[in-house]
Amino acid sequence: MSSEPPPAANPASSAGELAADLSAATISKKQQKKDARKAEKAEKAAQRQQQQQQPADAEDPFAANYGDVPVEEIQSKAISGRSWTKIGDLDDSAAGRTVLIRGATQAIRPVSKKMAFVVLRQSMSTVQCVLVASADAGVSTQMVRFATALSKESIVDVEGVVSLPKEPLKATTQQVEIQVRKIYCINRAIPTLPINLEDAARSEAEFEKAEQAGEKLVRVGQDTRLNYRTIDLRTPANQAIFRIQCQVENKFREFLLSKDFVGIHTPKLISGSSEGGAAVFKLLYNGQPACLAQSPQLYKQMAICGGYERVFEVGPVFRAENSNTHRHLCEFVGLDAEMEIKEHYFEVCDIIDGLFVSIFKHLTENCKKELETINRQYPFEPLQYLEKTLKLTYEEGIQMLKEAGTEIEPMGDLNTESEKKLGRLVKEKYGTDFFILYRYPLGVRPFYTMPCYDNPAYTNSFDVFIRGEEIISGAQRIHTPELLAKRATECGIDVSTISAYIESFSYGAPPHGGFGVGLERVVMLFCALNNIRKTSMFPRDPQRLVP
C-alpha cells in the first residue's frame, strides 16, 4: 500500500466541473425527454437495420419459412408449378384452405414479440394476415420480427391458412384472415416513401371531419400526386378509375363492331402544313417539316372514300394549344368514328345515342364495385340519361339560356360557362345529364362541315354534352371537292396545303359524317371528377412532360 498522500485537487478543474454540473442542471425536463425519445428512435432504427441486414438466427428451426428472396431466385430461374390465389377471390368458401398470395404491404401492426398483423393489397383488394409465434404453426418470434421490420409497399409472398375472424374486419376488403405459415419478401420498398398512400386516398369529408376535431391531416396536392404517379395510382379510387376507363374503351369497340364498323389506324406523324395553320406540335422528319396529328378525321374520311362504309379508331391525339384548364390535355385518347350517310346525318346521332346509352348501362350494371370505390373518395351523383337521347337545336338551346337571363352573341359559339348553365337547365326541364345539341351556325364550325339545305348560315353539325360539358363534336362532312375547296378558301386555308385530302373526293365519294370524343373526358364527366388529369394515367399538359 502506498504511503504517498492523495493528489491535491486542481482548483481550475474543480471550477470547470462545477460549471458543467450547473449547466446540466439548467437543461429542461422537456429537452431531456426529447433527447430520450431521439435515442430510443435511433436504437429502434438500428435494430430494424440489423434485422434487415443480418440473416435469420442460425438457431431458429423455422428460418426457412421467411426471409428476403435473393434476386437470382426470381430471375425466371424455374417454374415451380405452385398455385396462386388472388386476394380478391378470398372469401368464406376458402376457410381452412392453404393458399399462396402475393401483395404489397399496406399496413404492418406489431402486437407483441409473438404476434403481428400485416395487411396485403393486390389491385383493389386487401386481406389481413396474422402471424402468431407457435412451434405447431412453424412460426418463430424471429419470423414475427422479420415481418414487422418490412417497409410499407414492399412486395411479399405469403403462404397460410384461410380463417374466419370473430369480428367483421373494417380495414380490409376481404372478410377473411390468413394465418401465416411462410412469408418471403420479393422486393423491399424504400423505408420512407415520398407520399403516404393513406394520405393520398383520403376523401374531402375525412379532411373536414379531422379539421372539426382540431386535427391536421396531410393533404397530397395534384402536382405531388403526378410527380409520384406510380404510388398515387395504387389508391383504391385510381385503381377503380382506370378500370372504368378500360370498360368505356372496350364498349366503344364492341358496340361499333356490332354495327359493322371496321377498326383502322391512321398516321399520327403527318405533313407539317396539312393542319391549316392550327396549333400543332411541329418537328422535322428526315429534314421535312412535320407535325403530330390533331385528329384522325381527315384520314377517316379518306377511308370512307376508299370503300370502307363505317370505320372507327382508338388512338392518341395531340393538341398544342396552351390550355391550362380542368378539361384539356396536350395528348389524349381519341375515340373516333366515321360512316356513310344514306339520307340524314341523324343516322350518326343515332349511333352516338345507342353507343353511349349502352356504355352508361354497362358501367352502372357491371362496375358497381369500381363506382362505389370512386364515390368513397370523390362523391358524385349517378349520371342521369334517357333511353332515347334528347336532341335540341342550337336555337332551342340559345332560347333556354336567354329565358334564364344569359345572353349569347348572335350566331356565336357557347363558352364553358354557358355550356354548364345549359346543362343545368336541360337537366331541370328534361331530367337528363346527356343530350345532343345540333344545327350549329356555319361560322363556328370547321370548313369541312356540310351547310344546312334550308339555310346555309347553319350546318349539319352537333355537339354532345355530359353534365353540361361538351364531349363530342361531329357533323356531316362536305364530300364534293368543289364545295370543299370553296369553304376552305372562305376560311382562309391555302387549298394547296390540303390538296391530297380534297382530291380524295374527286374519285367518287359517298355522303358521310362522323364524330370524335376524348376517352379521358368521358370518364371524368361520368364520374363527375373535377379534373381530367385524374383520368389520364400519365397526363401531358402545357406544364408537364414527366413522368
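Within region 372-395, track down each residue that is out of contact with any Asp or Glu (no Cβ under 6 Å at 6 or more places or on another chain), farther than 15 Å from Ala201 by Cα and not basic (Lys, Arg).
Of everything in region 372-395, those that are out of contact with any Asp or Glu (no Cβ under 6 Å at 6 or more places or on another chain), farther than 15 Å from Ala201 by Cα and not basic (Lys, Arg) turn out to be Phe380, Glu381, Pro382, Tyr385, Leu386, Glu387, Leu390, Leu392, Thr393, Tyr394, Glu395.
Which numbered condition trips up Thr224, out of (1) β-branched (Val, Ile, Thr); (2) more than 23 Å from Ile359 (Cβ to Cβ); (3) in contact with a helix residue (DSSP H, G or I) (Cβ under 6 Å, 6 or more places away or on another chain)?
All conditions are met except number (3).
Please give the number of the condition Ala137 fails out of (1) within 23 Å of Ala237 (Cβ to Cβ); (2) free of Cβ contacts under 8 Å to residues at least 60 places away in the same chain; (3) hydrophobic (A, V, I, L, M, F, W, C).
(1)
A quick yes/no check of all residues on (1) modelled with pLDDT under 95; (2) among the aliphatic types (A, V, I, L, M); (3) more than 22 Å from Asn250 (Cα to Cα); (4) in a strand (DSSP E or B):
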position	(1), (2), (3), (4)
Pro289	yes, no, yes, yes
Ser295	yes, no, no, no
Leu298	yes, yes, yes, no
Ile304	no, yes, yes, no
Tyr308	no, no, no, no
Glu313	no, no, no, yes
Pro316	no, no, no, yes
Asn322	yes, no, yes, no
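I'd like the full set of residues that are outside any loop (DSSP other than H, G, I, E, B) and open to solvent by 10 Å² or more (accessible area, probe 1.4 Å), limited to region 533-547.
Across region 533-547, the qualifying residues are Arg533, Lys534, Asp541, Arg544.
Confirm whether Pro410 is loosely packed, with under 15 Cβ neighbours inside 10 Å, free of Cβ contacts under 8 Å to residues at least 60 places away in the same chain, part of a loop (DSSP other than H, G, I, E, B) and over 29 Å from the mean Cα position of the chain (by Cα).
So Pro410 fits the description; yes.
Quick one: is Thr85 of a type in the set (S, T, N, Q), within 32 Å of the chain's Cα centre (by Cα) and either closer than 14 Å to Ile178 by Cβ or open to solvent by 30 Å² or more (accessible area, probe 1.4 Å) (or both)?
Criteria met by Thr85.
Here are Ile241, Ile270: which of them is touching a strand residue (DSSP E or B) at 6+ places or on another chain (Cβ under 7 Å), surrounded by 14 or more Cβ atoms within 10 Å (Cβ to Cβ) and aliphatic (A, V, I, L, M)?
Within the list Ile241, Ile270, the selection yields Ile270.
Just to be sure I understand, how many residues within region 328-368 are among the aliphatic types (A, V, I, L, M) and open to solvent by 20 Å² or more (accessible area, probe 1.4 Å)?
1
Quick grid of which residues meet (1) open to solvent by less than 10 Å² (accessible area, probe 1.4 Å); (2) of a type in the set (A, V, I, L, M); (3) closer than 25 Å to Leu386 by Cβ:
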{"site": "Glu428", "(1), (2), (3)": "no, no, yes"}
{"site": "Thr432", "(1), (2), (3)": "yes, no, yes"}
{"site": "Glu469", "(1), (2), (3)": "no, no, yes"}
{"site": "Ala475", "(1), (2), (3)": "yes, yes, yes"}
{"site": "Leu484", "(1), (2), (3)": "yes, yes, no"}
{"site": "Ser496", "(1), (2), (3)": "no, no, no"}
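What tally of residues in region 369-395 results from selecting those that are open to solvent by less than 90 Å² (accessible area, probe 1.4 Å), assigned to a helix (DSSP H, G or I) and charged (D, E, K, R)?
1
The values are calculated or read from the model by the stated rules, or taken from the named source; none is laboratory data. A quick note: this is a predicted structure, and the numbers were derived from the prediction, not measured. Ideal geometry is used to build each Cβ from the backbone, glycine not excepted, and the neighbour counts take in all protein chains shown. Just so you know, the surface numbers come from the protein's heavy atoms only, side chains and all, with ligands and any DNA or RNA stripped out. Shrake-Rupley method; radii C 1.70, N 1.55, O 1.52, S 1.80 Å.
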